[in-house]
Amino acid sequence: MRIAMISEHASPMATLGSEDAGGQNVYVDEVSRRVAQLGYPVDVFTRREHPDQPPVCEWAPGVRVISLAAGRPEPIRKDQIWPHMAAFRDAAIAFVRADAAASLIHANFWMSGWAGCELKQRWQVPLVQIFHALGVVKRLHQGDADTSPNERPAVEQRILDESDWVIAQCPAEVDDLRTYYRADPARISVIPSGVNTRLFRPIPRGKARRLLGWPPDEPVVLYVGRLLPRKGIDNLIRTLPALAERITAPPRLVVVGGETATANLRDEPEMRRLHAIAVQTGVLDRVHFVGKRPGRELYRYYSAADVFVSTPWYEPYGLTPLEAMACGTPAVVAAVGGMQFTVLDGQTGFHVPPNAPEALAHRVAILLNDPSLRARFAVAARERVERHFSWAEVGRQVAELYGQILREGDGARERRGDGATGRQGKEAA
Ligand code: UDP
């Protein structure tokens with residue numbers, strides 16, 4: 001019952017000490033560990049990024065990371081990996097021929113999905129796909145700024161045609177799959193991405209503020225995440241004057257994120273743009289750019305803030321509101337993508353339209369003015385994360401899906417009477 005977890009650009013090994021590891025690295029790491037504990041040992045296939053990377057690494061109990069030679073053994077930007085995927089596929093075939101076979105493929109992102117389709121044909125095993133983000137939707141929102149290869153939408157369509165099952169991270173992704181790819185919802189399960197509830201944990205606000213050297217009583221609104229135009233941080237800065245009118249003490253906006261550990265206006269165009277907007281809006285003294293912080297330190301920021309805000313106009317999923325909620329901080333979010341699903345409007349935070357500073361100011365002020373409401377939201381937020389978004393829960397749901405697909409494949413083979421090697425393609429679904 002070995003699972004081939006394919007993730008060409010995002011290796012779980014990059015989660016170790018690296019500040020660059022994104023959501024997919026963490027997903028592959030956490031899900032692999034959890035399903036291995038539940039009886040599905042995993043081989044994670046990823047692209048070799050360093051010459052000294054061992055071809056096979058015993059990563060965690062029941063989890064090996066297989067580093068395949070495909071392109072130069074050095075980091076390559078993900079949008080430039082596509083030409084190396086045929087070599088990646090061939091290396092996976094050669095590895096499995098010499099080592100252990102897989103019973104099921106779980107592919108991450110469109111390029112590994114392509115490899116998954118190829119390997120499924122070869123190995124005659126079911127394919128489960130999670131996209132993490134969709135090319136057509138990305139192009140729609142980012143236009144020419146999207147550097148994905150042109151083949152991406154067609155490859156995604158092939159994956160939808162050939163895979164046995166698709167994991168969507170949230171209901172909005174199911175809608176996108178139906179609208180833009182005509183995907184069959186009967187073969188899609190919503191299983192969210194999780195959050196590490198031991199790392200992201202609440203500590204008392206006063207203690208968190210002492211650790212960070214923040215004043216004890218100033219109202220603080222927090223943003224955490226990459227500094228990109230689509231994240232709508234400009235909108236948040238423009239909210240500050242309206243917010244100041246609605247509450248007694250002037251609020252501070254703390255912005256965590258960027259390319260370096262200290263705010264670096266010279267090299268970061270988006271930070272420069274935001275700084276200029278703060279100057280124009282007359283709130284520069286109320287905005288604090290912290291710079292990038294490692295994930296293990298972020299609970300302090302989330303716990304120290306009164307309200308977390310994330311108002312992008314495009315966001316496939318959005319991990320930061322979940323992290324804030326895990327730390328007991330209410331989240332005010334744009335009603336887009338996964339955030340409509342993770343944040344419960346009026347219970348663990350509020351939804352607002354994207355690009356609507358007035359509506360945002362109104363909702364943030366309600367929370368800043370009402371400590372007992374914040375306390376209620378804080379409890380509900382942590383509870384919601386523990387119940388639905390812990391990695392243990394996510395891993396349980398993924399393992400259950402594997403079991404269902406493997407059983408259906410077995411049933412289909414038995415009905416056909418073709419033994420253990422029959423095709424498990426669409427029959428499994
Ligand atoms: N993050 C971090 N340090 C920072 C800023 C962000 O570790 O200084 C992490 C954050 O905790 C989250 C991730 O980067 O896990 C951002 O994920 P999200 O889904 O919010 O946005 P994405 O970067 O995928 O667009």
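The values are calculated or read from the model by the stated rules, or taken from the named source; none is laboratory data. Please read these numbers as outputs of a predicted model, since none were measured by experiment. Counting neighbours? That spans all protein chains shown, and the Cβs are built from the backbone with ideal geometry, glycine included.
Can you name the residue in region 89-112 that is assigned to a helix (DSSP H, G or I) and within 27 Å of the chain's Cα centre (by Cα) and is also surrounded by the most Cβ atoms within 10 Å (Cβ to Cβ) among such residues? Only one residue fits best here, namely S112.
Selection of first residues in region 248-268 that are at positive phi and of second residues that are away from the ligand (no atom under 16 Å from the Cβ) and not basic (K, R), restricted to Cβ pairs under 6 Å at least 6 apart or on distinct chains, gives an empty result. Would you point out the residue of region 323-333, among those that are within 19 Å of R230 (Cα to Cα) and within 12 Å of the ligand (Cβ to nearest atom), that is surrounded by the most Cβ atoms within 10 Å (Cβ to Cβ)? Of everything passing the filter in region 323-333, V333 is surrounded by the most Cβ atoms within 10 Å (Cβ to Cβ). Residue-level check: of (1) closer than 30 Å to D146 by Cα; (2) surrounded by 24 or more Cβ atoms within 10 Å (Cβ to Cβ), F389 misses just (2).
Against the conditions (1) closer than 18 Å to L360 by Cβ; (2) more than 12 Å from the ligand (Cβ to nearest atom), M339 satisfies every one except (2).
Yes/no per residue for (1) more than 30 Å from K138 (Cα to Cα); (2) among the hydroxyl-bearing types (S, T, Y); (3) surrounded by 22 or more Cβ atoms within 10 Å (Cβ to Cβ):
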site	(1), (2), (3)
M1	yes, no, no
A14	no, no, no
T46	no, yes, yes
Q80	no, no, no
A87	no, no, no
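Return a yes/no flag: does region 295-311 have any residue that is within 18 Å of C170 (Cα to Cα) and touching a residue at least 12 places away in the same chain (Cβ under 8 Å). Looking for residues that are within 18 Å of C170 (Cα to Cα) and touching a residue at least 12 places away in the same chain (Cβ under 8 Å), one finds at least one in region 295-311, hence yes. Applying the criterion of being near the ligand (Cβ under 9 Å from one of its atoms) and crowded, with 19+ Cβ neighbours inside 10 Å to the residues of region 228-265, the residue that is nearest to P354 (Cα to Cα) is K231. Counting the residues of region 94-118 that are among the hydrophobic types (A, V, I, L, M, F, W, C) and under 18 Å from C57 (Cα atoms) gives 7. Taking the conditions (1) hydroxyl-bearing (S, T, Y); (2) within 9 Å of the ligand (Cβ to nearest atom); (3) farther than 29 Å from K138 by Cβ in turn, S310 satisfies each one other than (3). G213 - would you say it is on the phi > 0 side of the Ramachandran plot and surrounded by fewer than 22 Cβ atoms within 10 Å (Cβ to Cβ)? Yes; evaluated as a whole, the condition is true for this residue. Counting residues in region 305-314 that are touching a Phe, Trp or Tyr at 6+ places or on another chain (Cβ under 7 Å) and closer than 18 Å to N196 by Cβ gives one or more.
Considering region 291-305, and only residues there that are within 11 Å of the ligand (Cβ to nearest atom) and part of a loop (DSSP other than H, G, I, E, B), the residue that is surrounded by the most Cβ atoms within 10 Å (Cβ to Cβ) turns out to be K292. One residue stands out in region 69-78 among those that are modelled with pLDDT under 95 and surrounded by 15 or more Cβ atoms within 10 Å (Cβ to Cβ): the one that is nearest to G135 (Cα to Cα), namely K78.
The single condition among (1) in a strand (DSSP E or B); (2) in contact with a helix residue (DSSP H, G or I) (Cβ under 8 Å, 6 or more places away or on another chain); (3) farther than 15 Å from R230 by Cα that H288 does not meet is (2). In summary, R198 fulfils each of the numbered conditions (1) closer than 25 Å to E118 by Cβ; (2) within 16 Å of the ligand (Cβ to nearest atom) with the single exception of condition (1). Taking residues in region 381-402 that are free of Cβ contacts under 8 Å to residues at least 40 places away in the same chain and at positive phi, and partners anywhere that are assigned to a helix (DSSP H, G or I) and surrounded by fewer than 21 Cβ atoms within 10 Å (Cβ to Cβ), not one pair has Cβ atoms closer than 7 Å while being at least 6 places apart or on different chains.
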